[in-house]
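Undergrad: The following block contains the structure, expressed as structure tokens.
A short reminder: the numbers here are calculations on the coordinates, not readings from a lab. Computed from a prediction, not measured in an experiment: that's the story for all the values here. Reconstructed Cβ throughout: ideal geometry from the backbone, glycine too, with neighbour counts over all protein chains shown.
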Amino acid sequence: MIKKAVIPAAGLGTRFLPATKAQPKEMLPIIDTPTIQYVVQEAIDSGIDDILIISGKGKRTIEDHFDRNFQLETQLKNKADHDLYNEIRRISDMANIHFVRQKELNGLGDAIRYARLHTGDDPFAVLLGDTIIDSVIPVTQQLVDIYNQYKQSIIACEMVPEDKVSCYGIVGGDKISDKIWNVTDLVEKPEVGKSPSNLAIAGRYILTPEIYKMLEQTSFGKGNEIQLTDALRLLLRKERILSYTIEGKRYDIGNKLDYLKTIVDFALKRKGFAEPFREFLQEKLK
């Protein structure tokens, strides 16, 4: 049973400067909803309401977003804006959300180590705070279902073009079924032509507590950071790891072009202005 989720959200977001100089990249809005709220909602929709967000210096607005704002609530009440009032209250009541700060920005693997006291000896889900996955069944729920069957660490993956493998952590392995692989290798951002497969890690994991011991043994790697992929490679010597090819579309909010595409995709599905927005785009394309 997966009861806890960890959301790393401590990175500086330098690719979005100057917008992220005073605002976390995880708070960049998709229309009117911060990116990280979609991630939290995915965990909740997967049956997990105990969530630890690993933040860092300059990330206080994430905490404020999920906290109560009595002045705003009173103003909305006085204006009788019930729908917006209820939405603002819902955000602060979404889940049991806890926060811890990564004191030094030493990579994703280092960030995960800060969750040890919170998750203890239980397996837990990891959802990257700058990655949204649009799916009918929440991707974390998909992973939980596979974990309940195999009781092994699971890495969410997606197929990417050959020329894109150097942008991702890549897994290699043997097929168990169409969507499930037995992982035999993990490489962080391999060179094109030297990749074990086209299966890219998609920003969602179920990890057993053994990962913490592996992280303690992991040296600084690519980018002079402690890479989670390197720790998972060590874990392979101790435990079986599975990969699961997700059902859904992944949006990487850490990339400017993908961020723009995400807004367009979500706007075209948004009731109320999808049609006029589509007409606007069609007119522009002429």
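Undergrad: Excluding Gln23 itself, calculate the net charge of residues whose Cβ lies under 12 Å from the Cβ of Gln23, where each Lys or Arg counts +1 and each Asp or Glu counts -1.
TA: The answer is +2.
Undergrad: If you don't mind, another one. How large is the Rg to Rh ratio of the range 182-222 when both quantities use alpha carbon positions and Rh follows Kirkwood?
TA: 0.99
Undergrad: Using Cβ counts within 10 Å as a stand-in for footprinting exposure, how do Ser92, Ser195, Ser55, Ser135 rank, fewest first?
TA: Ser92, Ser135, Ser195, Ser55
Undergrad: While we're looking at this one, here's another question. Under a Cβ-Cβ cut-off of 12 Å, what is the net charge of the residues other than Gly193 that fall near it, where Lys and Arg count +1 and Asp and Glu count -1?
TA: -2
Undergrad: Still on this structure: In whole Å and largest first, what semi-axes does the C-alpha gyration tensor of the range 1-64 yield when each eigenvalue is scaled by 5 and square-rooted?
TA: Value: 23, 13, 9 Å, ordered largest first.
Undergrad: Let me ask you something else. Please check: in the Gaussian network model of the chain (C-alpha springs, under 10 Å), which one of Asn148, Asn78, Asn96 has the largest mean-square fluctuation.
TA: Highest fluctuation among the options: Asn78.
Undergrad: Also, quick follow-up: Along each of the three principal axes of the Cα atoms of the range 129-286, give the extent in whole Å, ordering the values from largest to smallest.
TA: Computed over the range 129-286, the largest-to-smallest principal extents equal 56, 34, 27 Å.
Undergrad: Also, quick follow-up: Using the Kirkwood formula over every pair of different C-alpha atoms, what hydrodynamic radius in Å results for the range 116-206?
TA: The answer is 14.1 Å.
Undergrad: Ok, one more. If I take the Cα coordinates of the chain and project them onto the principal axes, what are the three extents in Å, biggest first?
TA: That works out to 60, 51, 38 Å along the principal axes.
Undergrad: What residue among Arg15, Arg270, Arg233 has the largest mean-square fluctuation in a Gaussian network model of the chain, using Cα springs under 10 Å?
TA: In this elastic network of the chain, the residue with the biggest mean-square fluctuation among Arg15, Arg270, Arg233 is Arg270.
Undergrad: Suppose only helical runs count, i.e. DSSP H with n ≥ 4. What mean residue ellipticity at 222 nm does that imply for the chain under -39500 (n - 2.57) per run, divided by all residues and rounded to the nearest 500 deg cm²/dmol?
TA: -10000 deg cm²/dmol
Undergrad: What net charge is computed for the residues neighbouring Pro209, neighbours being all others with C-beta under 9 Å from the C-beta of Pro209, Lys and Arg scored +1, Asp and Glu -1?
TA: So the surrounding residues net to -1.
Undergrad: What is the Cα centroid distance between the range 205-239 and the range 49-127, reported in whole angstrom?
TA: Going from one Cα centre to the other spans 25 Å.
Undergrad: May I pose another question? Quick one: length gained pulling Glu162 to Lys238 fully straight, 0.36 nm per residue minus the C-alpha distance?
TA: Result: 24.3 nm gained on full extension.
Undergrad: Taking only the alpha carbons of the range 32-123, what extent do you get along each of the three principal axes, in Å, biggest first?
TA: Sorted from largest, the Cα extents of the range 32-123 read 46, 30, 21 Å.
Undergrad: Looking at the chain, do any whole DSSP H helices span at least 15 angstrom along their long axis by alpha carbon and average -0.5 or above on Kyte-Doolittle, and which?
TA: Those that pass (Cα extent of 15 Å or more, hydropathy at least -0.5) are 35-45, 139-150, 256-268.
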